[in-house]
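The values are calculated or read from the model by the stated rules, or taken from the named source; none is laboratory data. For clarity, every value in this text was computed on a predicted model and none was experimentally measured. Cβ: placed from backbone, ideal geometry, glycine included. Neighbour counts: every protein chain shown. Side chains included, ligands, DNA and RNA excluded: accessible areas come from the protein's heavy atoms. Shrake-Rupley method; radii C 1.70, N 1.55, O 1.52, S 1.80 Å.
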Amino acid sequence: YIRPLKSALNNPLLDIFGIKWIIARENIWKNQLPDKFLSKKINEGYLLENLKSFPRVFICHNLDFEKVDNCFLKKASILKYSATEISILAHATEFSYLILTDLYYPGWKAEVDGKEVRVIKAGLGFRAVPVGQGTHKIDFVFSPVDFKIGLVLTLSGFIMIFAVLALRKNVKKI
C-alpha cells in the first residue's frame, strides 16, 4: 500500500498540473514521503505541500516542458484572470512558448503585444503561444464561434417570434 502511494507522489504529473496541496486523513506514507513534499498536521488529517509544483503560467524553450530544464517557471505572471479573459506578462530570453496550464479549447484566441497569434495545444492539453525574445503582454480571450452562431440564431428566433406576434395582432384588428 505504501509503495504505490510513494510512486504516485513522485509522479511528475503532480508537478506539471500544478498540484500544490494534497489532503490526507492519516499518515499513510510512514516516513517515506518524497523530498519534494512537506507534511503538516491539521485538525483530523495531514496537509502535504508539493514544493516542486509548476505555476499556472510559465515560459519554456520548446513544447517538451515535462523536462523542467527547458522551462523558466518564474518568468511569467498573471495580471488578470477571469472566465473569459486572461492577461499575462512574460519575459523570454530567446524564442520560447508561454504555457498556460488551463485546458486547451478551440474557442480561445490570443494576442502577443496586440498581434493575434495561434493558440497551440501543448503537452497534456494545455494552452501555449509562441513568444519572441523580450518582455511581452499576452492576452487570451474566450470567443468561440459556436457561441456566436448560437447567439445569432437565438436573436433571429426572438425577432421572428415578435414579428409573428405583431402580424397576428395587426391581422386581428382588420
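In the range 5-19, the residue that is farthest from I99 (Cα to Cα) out of those that are modelled with pLDDT of 85 or more, out of contact with any Lys or Arg (no Cβ under 8 Å at 6 or more places or on another chain) and outside any helix (DSSP H, G or I) is I19. Give the range 42-61 a look and list any residue that's open to solvent by less than 60 Å² (accessible area, probe 1.4 Å) and either at pLDDT below 80 or not in a loop (DSSP other than H, G, I, E, B) (or both), or say none. Scanning the range 42-61 gives G45, Y46, L47, L48, E49, N50, V57, F58, I59, C60. Scanning for something modelled with pLDDT under 95, out of contact with any Asp or Glu (no Cβ under 8 Å at 6 or more places or on another chain) and loosely packed, with under 11 Cβ neighbours inside 10 Å, does the range 121-132 turn up at least one residue? So far as the range 121-132 goes, no, none of its residues is modelled with pLDDT under 95, out of contact with any Asp or Glu (no Cβ under 8 Å at 6 or more places or on another chain) and loosely packed, with under 11 Cβ neighbours inside 10 Å.
Residues are listed down the side, and each one gets a yes or a no for (1) within 24 Å of S7 (Cα to Cα); (2) at pLDDT 85 or above; (3) over 16 Å from the mean Cα position of the chain (by Cα):
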residue: I28; (1), (2), (3): yes, no, yes
residue: K40; (1), (2), (3): yes, yes, yes
residue: D64; (1), (2), (3): yes, no, yes
residue: D69; (1), (2), (3): yes, no, yes
residue: F72; (1), (2), (3): no, no, yes
residue: K80; (1), (2), (3): no, yes, no
residue: A83; (1), (2), (3): no, yes, no
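Going through (1) assigned to a strand (DSSP E or B); (2) loosely packed, with under 14 Cβ neighbours inside 10 Å one by one, S87 falls short only on (2).
Against the list (1) within 12 Å of the chain's Cα centre (by Cα); (2) not in a strand (DSSP E or B), the condition E94 fails is (1). Test I99 against the criterion of being at pLDDT 95 or above, open to solvent by less than 30 Å² (accessible area, probe 1.4 Å) and within 24 Å of L14 (Cβ to Cβ), and give yes or no. Answer is no for this residue.
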